[in-house]
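Here the structure comes first, spelled out in structure tokens, and everything after it is commentary.
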Amino acid sequence: MSGTTASIHERLAGRDVDVAGLAAHLEGLSSDERVTQVRSLGKAEQARLFDAAQGVRPIGLDHLVAPAMDPLAEVIHAGRNSLPAFRIFEKRFCRPSADSGPDELWGYNEHAARWMTGPGYFVAVPGEPGEVLVDYTRVPPAKPDAWPAIRTNDAFRGRFVYGRGMHDVIRGVSAHVAVGRAFRQGKPMDSWFVLCRVDAA
């Protein structure tokens, strides 16, 4: 492990996490380095960061997709979750089509097991103050052409991953990085994830 990669783990090793210091560290990296370091975080680190991030850096939908983006233009957030397998994934977001409400984003989950679980479509909306809520009980009415076919999360095997009242809560860490936790029927699950917005080439 390189010294630069180790630094993110050192910053999350103690009881008290300096989220502002971690944010400065992350924003000092290149886009590729930032993704690599964020995707190196394990389950305990993700859980610690989620708790530490509460109320520190409020975010809204603009963190996930910039207001200047055109409707249905894709924005990719590289991620890693705390599941036993298929930990590397992407959450892909877009602004809704022009005839939809402004206070939501549309998206889905891209990963190696999508053929088995389905795309996990969702609608993201403002959550508790300073947080974003990803709602898997809703699916977008439309999508970018390149995205997979839209289907409900209560169908086939996807219901065990994205169905049954599933939501994610996302909190801000830095200008590019966020951390989240999964909830089912309003109850927190033993499942966390980190996201890093990928800069356009």
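The values are calculated or read from the model by the stated rules, or taken from the named source; none is laboratory data. Just so it is clear, the structure is predicted and the values come from calculations on it, not from any experiment. Neighbour counts are summed over all protein chains in view; Cβ atoms, including those assigned to glycine, are modelled from backbone coordinates with ideal geometry. Heavy atoms of the whole protein, side chains included, go into the accessibility calculation; ligands, DNA and RNA do not. Shrake-Rupley method; radii C 1.70, N 1.55, O 1.52, S 1.80 Å.
Worth a mention:
Here's the yes/no breakdown for (1) crowded, with 16+ Cβ neighbours inside 10 Å; (2) within 28 Å of residue 36 (Cβ to Cβ); (3) polar (S, T, N, Q):
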position	(1), (2), (3)
124	yes, yes, no
134	yes, yes, no
137	no, no, yes
161	yes, yes, no
164	no, no, no
175	no, yes, no
181	yes, yes, no
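- Any hit, region 35-48, residues being surrounded by 21 or more Cβ atoms within 10 Å (Cβ to Cβ), β-branched (Val, Ile, Thr) and over 12 Å from the mean Cα position of the chain (by Cα): yes
- Of the residues making up region 22-47, those that are assigned to a loop (DSSP other than H, G, I, E, B) and of a type outside the set (Gly, Ala, Ser) are 29, 39, 41.
- Of all residue pairs spaced 6 or more apart or on separate chains, those with beta-carbon atoms under 8 Å, a first member in region 162-189 that is closer than 18 Å to residue 17 by Cβ and of a type in the set (Lys, Arg) and a second member that is open to solvent by less than 40 Å² (accessible area, probe 1.4 Å) and outside any strand (DSSP E or B) are 171/50; 171/53; 171/59; 171/130; 171/131; 181/47; 181/50.
- Yes/no for residue 58 being assigned to a loop (DSSP other than H, G, I, E, B) and either open to solvent by 80 Å² or more (accessible area, probe 1.4 Å) or without any contact (Cβ under 8 Å) to a residue 24 or more places away in the chain (or both): yes
- For residue 50: the one exception among (1) more than 13 Å from residue 194 (Cβ to Cβ); (2) not in a loop (DSSP other than H, G, I, E, B): (1)
- Criterion applied to 142, 175 was being farther than 20 Å from residue 41 by Cβ and not in a strand (DSSP E or B), and the one residue passing it is 142.
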